[in-house]
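As structure tokens, the structure follows; a few thoughts come after it.
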Amino acid sequence: MLHHVEKGTVLELGLEIWSRRQWLALAVFALSLVGAVGMATFLPNIYQSTATVLVERHQVPEAFVRSSVTGELETRLQTISQEILSRAKLEDLITHLALYPDLRGRVPVEAVVEQMRRDIQLELKGVEQPVTGRSATVSFNLSYRGRDPETVAKVTNTLASLYVEENSKVREQQASQTAQFLGIQLAEVKKRVDVQEARVRDFRARHAGELPQQMGVNLATLERLQAQLHLNSANQLRARDQRVRQLAEPEGVGAMGAFDSPTAKLAKLKRQLLDLRTRFSDKYPDVVRVKGEIAALERELAGAKPDGNSATDAVALNEPDAEIKALKAEEQRLRRDISAYQRRVENSPQREQEFQELARGFETAKETYASLLKRYEDAQLAESMEQSRQGEQFRILDSAIPAKQPLAPNRIRLILVGVLLSLGAAAAAAVLAERLDTSFHTFDDLRSFARVPVLASIPHVASAAETARLARRRWLATASVTLGLALVVLAVYHVAHGNEQLVRMLSRGVS
């Protein structure tokens with residue numbers, strides 16, 4: 001068909017096309033509009049309910065009990081969401097609450113679970129912290145979408161309860177695992193402390209007297225033993241001098257019997273013992289020696305005869321020898337003790353170094369044990385706090401209620417879009433029909449196509465048969481359009497009825 005738009009205005013051309021294609025345009029418009037209205041009518045309603053969960057901070061100040069549950073709240077929420085939105089949990093909910101009955105019969109259970117995941121929405125609510133500038137989560141909204149408002153509200157509240165329970169379970173589990181881990185570490189450190197303590201105790205037992213803290217006592221004892229050795233040497237000189245005098249003047253023994261008799265000497269020794277006891281203890285060497293001499297002299301006096309001057313003289317001669325022998329024995333003992341204490345003093349620096357190494361390891365182990373013990377006690381308090389629900393908890397602030405109005409579809413919007421699409425489809429059908437029609441409708445069309453001049457036009461005179469044929473065509477067209485409308489309505493009903501997926505797809509920009 002050949003048209004020249006330049007010969008008429010666009011409006012005139014449009015009116016001409018409308019006059020020729022009005023029934024086709026009306027039929028396409030009616031079919032499209034009925035399809036759009038039917039789609040908006042037959043689509044199921046999608047409702048949404050929302051529950052608000054409040055994040056309650058620690059009820060016991062952290063200055064008294066520090067929680068062992070660390071990590072950001074947002075991270076823990078993601079972990080809880082993964083647990084709740086797991087396939088096992090959602091399958092239980094779908095089965096228990098009889099969700100998605102139509103969808104379960106058409107697709108595998110994995111697709112149903114995935115659809116429920118898409119229908120659940122989590123929105124965090126926070127306030128900006130003035131110091132860090134970061135947003136701190138104080139609550140979150142949990143939403144769910146579905147066809148039945150009562151069921152949707154029930155599912156939403158069930159999900160909110162699961163979040164509350166899962167958070168408590170996660171916190172209790174983390175606190176329990178922390179306390180258990182610290183308990184195991186504490187037991188291992190306690191073993192190391194016991195081993196170090198046993199090493200220190202064994203070192204003390206093996207090197208008794210050579211330890212650094214005993215240096216002062218060893219030096220004082222060594223000085224006392226040296227003083228006793230010096231006194232012993234002086235006593236030995238005195239005893240030898242006495243023995244020499246007795247051997248040089250044997251005749252003087254009888255003359256001086258009154259003064260050097262055993263009885264007089266016994267009295268002298270007792271006075272000497274009394275004098276020594278005022279200055280020294282009974283274990284002092286001189287005290288022990290004098291007590292021994294007194295005992296020996298008393299035994300001699302008890303066995304001697306009253307008139308035996310020779311026996312008295314023999315006793316007098318043997319006294320210096322006995323004293324010298326006792327002093328020599330005491331000297332050997334003193335020298336052994338001095339040698340032993342000198343070795344202790346000489347070994348003290350080496351023992352001090354060895355003891356410091358042992359003590360350093362022991363102190364380090366004790367400090368580690370004390371630190372772990374404090375942390376373990378804190379972890380036990382934190383575990384007790386979590387078990388008594390005194391830590392950070394979730395609380396349902398606003399429960400979900402059945403929605404009064406559906407979230408989707410937006411029927412008015414769909415109808416308006418359908419009207420616009422119907423108008424576009426009608427216009428497109430008219431233009432396409434006009435393009436495909438090759439007949440001439442005006443003189444200008446014929447003149448532009450024919451080479452011979454067009455002198456006049458003869459109006460079309462319809463015959464009775466043609467008129468009847470046109471009437472039949474109109475009735476057939478009317479019946480076809482009516483049947484088409486019915487088929488469109490049936491097709492739209494079949495496609496739209498209960499089709500939640502189509503609702504979500506069409507209302508994606510609305511929800």
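Each value in this text was obtained by applying a stated rule to the coordinates, not by laboratory testing. Treat the numbers as computed from the prediction; the structure is a model and nothing was measured. Cβ coordinates were reconstructed from backbone atoms using ideal geometry, including for glycine residues, and neighbour counts include every protein chain displayed.
Protection proxy ranking of 207-215, 32-40, by the mean of other Cβ atoms within 10 Å over each peptide's residues and highest first, is 32-40, 207-215. For the stretch 344-406, which trypsin sites (Lys or Arg not before Pro) are in a loop by DSSP, counting at most 15 other Cβ atoms within 10 Å? Those that pass, being in a loop and sparsely packed, are Arg389, Lys404.
Could you order the peptides 326-335, 184-193 from most to least packed, using the average number of other C-beta atoms within 10 Å per residue?
326-335, 184-193
Using the beta-carbon distance between Lys268 and Val345 and R0 = 41 Å, what value does 1/(1 + (r/R0)^6) give for FRET efficiency, to the nearest 0.05? Mind dumping the intermediate values first?
On the way: r = 39 Å, r/R0 = 0.96.
Computed FRET efficiency for Lys268 and Val345 comes out at 0.55.
Quick one: which of Lys265/Lys325; Lys89/Lys125; Lys169/Lys190; Lys89/Lys404; Lys268/Lys325 span more than 22 angstrom between C-alpha atoms? Cα-Cα > 22 Å for Lys89/Lys125; Lys169/Lys190; Lys89/Lys404; rest within.
Overall form of the stretch 118-225: prolate. Here a/c, set by the Cα gyration tensor axes a ≥ b ≥ c, is 1.5 or more, and a/b is the larger of a/b and b/c. At a Förster radius of 51 Å, what calculated FRET efficiency corresponds to the Cβ-Cβ distance of Ala486 and Thr137, to the nearest 0.05? Efficiency at R0 = 51 Å is approximately 0.35.
Report the full-extension gain for the segment His497 to Ala464: residue separation times 0.36 nm, less the Cα-Cα distance, to one decimal in nm. Don't skip to the answer; put the middle values down first.
Values: separation 33, 0.36 × 33 = 11.88 nm, distance 4.85 nm.
Here the answer is 7.0 nm.
Under a 5 Å amide H cut-off, with hydrogens placed 1.01 Å from N, Arg147 pairs with Tyr47 among residues at least 5 apart or on other chains.
If packing is taken as the mean number of other Cβ atoms within 10 Å per residue, what is the order of 336-343, 145-152, highest first?
Packing proxy ranking, top to bottom: 145-152, 336-343.
Taking amide H as placed 1.01 Å from N in the peptide plane, Lys125 has its amide H under 5 Å from the amide H of Val138, Ser139, Phe140, Asn141, each at least 5 places away in sequence or on another chain. The gain in end-to-end length when the Glu223 to Glu12 segment is fully stretched comes to 62.0 nm, 0.36 nm per residue minus the alpha carbon separation.
Arg20 to Gln180: FRET efficiency via 1/(1 + (r/R0)^6), r the Cβ-Cβ distance, R0 60 Å, to the nearest 0.05? Could you put the intermediate results ahead of the total?
On the way: r = 88 Å, r/R0 = 1.47.
Here the calculated transfer efficiency is 0.10.
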